[in-house]
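In what follows, a single structure is set out as structure tokens and then discussed.
The numbers here are math on the coordinates, done by the rules we state, and not lab data. Everything numeric here is computed off the predicted structure, so don't read it as measured data. Cβ placement follows ideal geometry from the backbone for every residue including glycine, while neighbour counts extend to all protein chains displayed.
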Amino acid sequence: MRYAMAIDTKKCVGCSDCVVACQTENDVPVGFCRDWVVEVVDGTYPQLELEHRSERCNHCENAPCVRCCPTGASYVDDGGIVQVKKNKCIGCGACVTSCPYDARFVHPKGYVDKCTFCHHRIQKGQQPACVSVCPTKCMYFGDLDDPRSEVSMILKKRKYKTLIPEAGTKPHLYFLI
């Protein structure tokens, strides 16, 4: 089992409902976020293209944050979800620095926090909070090893990209283009 998420950059309108859902679902402190929306403008005027991307932890197969953690607090859980054990984390920030996606932050309580694909919801057979509230249905989640999962089917049909492929992290966050 390998969980992944794909985000359709043609359907995302940058509303940030995913961000608010995540903050609410995971009790994220004000001023912090586990996911965020990026607006990228590409091209030369007047031929410009606008892309909205909902970004978060990429749940990498080759996760530098896990390798560099001195206490083992950062680890890979069932389905390839990169997690942090709060009680083992010393808040040193090595994982924050090693993440090429800037997907981690030091929580005010002293441990590192990040997207978990709402692991607690997945265990109950639910979608991550961000996916469940998206008004444009631009987010797809599921098991890459299941050819019938939404994410597997959409990745077979559409062109996609990952961020910073040259980092060699093998991310499980895909952007449909």
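Expressed as a rounded percentage, what relative contact order does the stretch 12-117 have, with Cα pairs under 8 Å and six or more residues apart? Could the numbers behind the result be given before it?
Details: 175 pairs, mean separation 23.8, N = 106.
With pairs under 8 Å counted, the relative contact order is 22 percent.
Please compute the net charge surrounding P147, taking Lys and Arg as +1 and Asp and Glu as -1 over other residues with Cβ under 14 Å from its Cβ.
Counting the neighbours of P147, the net charge comes to 0.
Could you tell me the relative contact order of the chain? Use alpha-carbon pairs under 8 Å, at least six residues apart, and round to a whole percent.
It comes to 32 percent, rounded to a whole number.
What chymotrypsin sites (Phe, Trp or Tyr not before Pro) does the stretch 70-130 have in DSSP loop regions with at most 16 other beta carbons within 10 Å?
Listed in order of number, the matching sites are Y111.
For K114, what is the net charge nearby, where nearby means another residue's Cβ is under 10 Å from its Cβ and Lys, Arg count +1, Asp, Glu -1?
Around K114, the charge tally is +1.
Average the reciprocal distances over every distinct pair of alpha-carbons in the stretch 53-136, invert the result, and give the Kirkwood radius in Å.
On the way: mean 1/r = 0.0747 Å⁻¹.
13.4 Å is the Kirkwood radius here.
If I take R0 = 25 Å and measure r between the Cβ atoms of I90 and T24 in this structure, what FRET efficiency does the formula 1/(1 + (r/R0)^6) give, to the nearest 0.05?
For I90 and T24, the calculated efficiency is 0.35.
Express in whole angstrom the spacing between the alpha-carbon centres of the stretch 122-177 and the stretch 79-100.
Going from one Cα centre to the other spans 22 Å.
Given 0.36 nm per residue, what is the gain on full extension from K157 to E61 after removing their alpha carbon distance, in nm?
Full extension from K157 to E61 adds 32.3 nm.
Assuming R0 = 30 Å, what is the FRET efficiency of L48 and K170, from their Cβ-Cβ distance, to the nearest 0.05?
Result of the calculation: an efficiency of 0.45.
Mind sorting L173, L50 by how few other Cβ atoms lie within 10 Å of their own Cβ, fewest first?
Fewest to most other Cβ atoms nearby, the residues stand as L50, L173.
Net charge around E55, counting only other residues with Cβ within less than 15 Å of its Cβ (Lys, Arg = +1; Asp, Glu = -1)? Before the final figure, lay out the partial values.
Details: positive: R34, R53, R56, R104, K114, K161; negative: D8, D17, D35, E39, E51, D102.
For residues surrounding E55, the net value is 0.
Which of the pairs K88/K109; K88/K114; K137/K170; K124/K170; K11/K161 have their Cα atoms more than 19 Å apart in this structure?
Going by Cα-Cα distance, K137/K170; K124/K170 fall outside the 19 Å limit.
Please work out which option in (i) 16.0, 53; (ii) 24.2, 85; (iii) 17.8, 71 gives Rg and Dmax of the Cα atoms in Å calculated from these coordinates, and answer with its label.
Matching entry in (i) 16.0, 53; (ii) 24.2, 85; (iii) 17.8, 71: (i).
Between V13 and H119, what length comes free when the chain is fully extended (0.36 nm per residue of separation minus the Cα-Cα distance, one decimal in nm)?
The V13-H119 span can extend by a further 35.6 nm.
Once you place label points 7 Å from the Cα toward the Cβ at W36 and D146, how far apart are they in nm?
Label at W36, label at D146, 3.2 nm between them.
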